[in-house]
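Data block below; observations after.
The values are calculated or read from the model by the stated rules, or taken from the named source; none is laboratory data. Note that the coordinates shown come from a computational prediction; the quantities given were computed from them, not determined experimentally. With ideal geometry, Cβ positions are generated from the backbone for all residues, glycine too; neighbour counts draw on all protein chains shown. Remember, those area values only see protein heavy atoms, side chains included, never the ligands or the DNA or RNA. Shrake-Rupley method; radii C 1.70, N 1.55, O 1.52, S 1.80 Å.
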Amino acid sequence: MDNRPIGIFDSGIGGLTAAKVLEELLPREDIIYFGDSGRNPYGGRSRAELVKLSGEDADFLAGMGVKAILAACGTTSTNAMPELRRSRPDMPFFDVLDAPCLRVCDVTKSGRVAVIATEATIRTGAYERRLKELDGGLDVFSLACPEFAGMVERGHFRSGDPIAEDAVERALAPLRRYGADTLLLGCTHFPLLSDIIARVLGGITQVSAGAEAAAKLSGELAAARLLSERSERGRHDYYTSGDPAVFAAGAEIFLGHAVEPKRHIIT
């Protein structure tokens with residue numbers, strides 16, 4: 001058993017999609033979340049920049065004494081994981097790549113699936129490549145949605161928000177013509193737009209990269225006997241490099257409870 005906290009980082013509030021699932025699956029675990037909102041978005045950056053930023057995010061969590069780190073960011077997971085794992089070989093790192101791809105293969109009925117993510121993620125082809133490795137018969141349509149993550153960080157993600165509604169309608173127009181039955185949300189910010197996405201694309205099955213990765217992390221920690229042995233509910237600490245008030249407002253809407261984030265600037 002291991003009472004140390006679980007660390008989660010993302011480029012902002014998107015990784016809360018994973019944190020929320022972990023809160024539900026592992027209520028006795030302490031969680032430390034770092035949202036790098038001050039340097040968001042990550043999606044348009046070069047791979048070298050992403051390796052540097054992600055390494056600094058992971059270093060912060062490692063310094064807080066975590067027992068495992070979830071990179072709850074599709075852009076990091078598809079651009080920087082080999083370097084993260086090499087930098088700290090004794091730290092269990094989890095990404096948001098493999099688990100959601102497995103889920104897509106399980107739920108698709110037509111074999112026509114789509115992936116939406118940041119520009120940097122789509123550029124790697126990582127999701128499409130992994131899906132084809134798992135099932136060579138899949139027809140995969142990949143689409144970059146560069147506006148979404150920054151828009152969510154600014155608080156535009158609720159149904160009825162004209163900025164969010166217009167952006168999703170425009171960005172996903174190609175998917176309406178493609179006709180996929182399953183959509184992989186390859187950026188952890190994107191599930192905050194799931195209600196709008198459902199309206200635009202109809203009955204498509206949405207797979208959240210963050211939620212699937214959190215479930216995998218939960219199972220692997222249990223199998224390795226690394227879960228907390230305490231009986232009381234775990235503590236959840238939130239840090240952001242951006243404005244704590246803005247982070248708190250978005251987090252409360254999504255998590256369903258108030259948070260009091262602390263500010264941490266990486267220099």
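Of everything in the stretch 12-21 that is crowded, with 21+ Cβ neighbours inside 10 Å and among the β-branched types (Val, Ile, Thr), the residue that is nearest to the chain's Cα centre (by Cα) is 17.
Within the stretch 35-60, the residues that satisfy the criterion of being within 20 Å of residue 89 (Cα to Cα) and surrounded by 24 or more Cβ atoms within 10 Å (Cβ to Cβ) are 54, 57, 58. Among the strands (runs of 3 or more DSSP E) confined to the stretch 121-208, the ones with at least 1 residues that are of a type outside the set (Phe, Trp, Tyr), touching a residue at least 12 places away in the same chain (Cβ under 8 Å) and surrounded by fewer than 21 Cβ atoms within 10 Å (Cβ to Cβ) are located at 139-144, 205-208. Screening residue 221 against (1) within 24 Å of residue 156 (Cα to Cα); (2) touching a residue at least 24 places away in the same chain (Cβ under 8 Å); (3) open to solvent by less than 50 Å² (accessible area, probe 1.4 Å); (4) in a helix (DSSP H, G or I) leaves a single unmet condition, (1). Residues in the stretch 22-34 that are buried (at least 20 other Cβ atoms within 10 Å of the Cβ) and either without any contact (Cβ under 8 Å) to a residue 12 or more places away in the chain or part of a helix (DSSP H, G or I) (or both): 22 alone. Per the listing 88, 28, the residue uniquely under 19 Å from residue 226 (Cβ atoms), among the basic types (Lys, Arg), more than 14 Å from the chain's Cα centre (by Cα) and at pLDDT below 95 is 88. Of all residue pairs spaced 6 or more apart or on separate chains, those with beta-carbon atoms under 7 Å, a first member in the stretch 52-63 that is part of a helix (DSSP H, G or I) and a second member that is of a type in the set (Gly, Ala, Ser) are 54/71; 54/80; 55/87; 61/7.
Checking residue 258 against (1) over 20 Å from the mean Cα position of the chain (by Cα); (2) under 17 Å from residue 23 (Cβ atoms); (3) open to solvent by less than 60 Å² (accessible area, probe 1.4 Å); (4) without any contact (Cβ under 8 Å) to a residue 12 or more places away in the chain: exactly one of these is not met. Which one? Answer for residue 258: the failing condition is (3).
This table checks each residue for (1) closer than 30 Å to residue 234 by Cβ; (2) open to solvent by 10 Å² or more (accessible area, probe 1.4 Å); (3) in a loop (DSSP other than H, G, I, E, B).
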{"site": "65", "(1), (2), (3)": "yes, yes, yes"}
{"site": "70", "(1), (2), (3)": "yes, no, no"}
{"site": "85", "(1), (2), (3)": "yes, yes, no"}
{"site": "96", "(1), (2), (3)": "yes, no, yes"}
{"site": "101", "(1), (2), (3)": "yes, no, no"}
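Selection of the stretch 205-249 for residues being under 19 Å from residue 15 (Cβ atoms) and of a type in the set (Val, Ile, Thr) yields 207, 240, 246.
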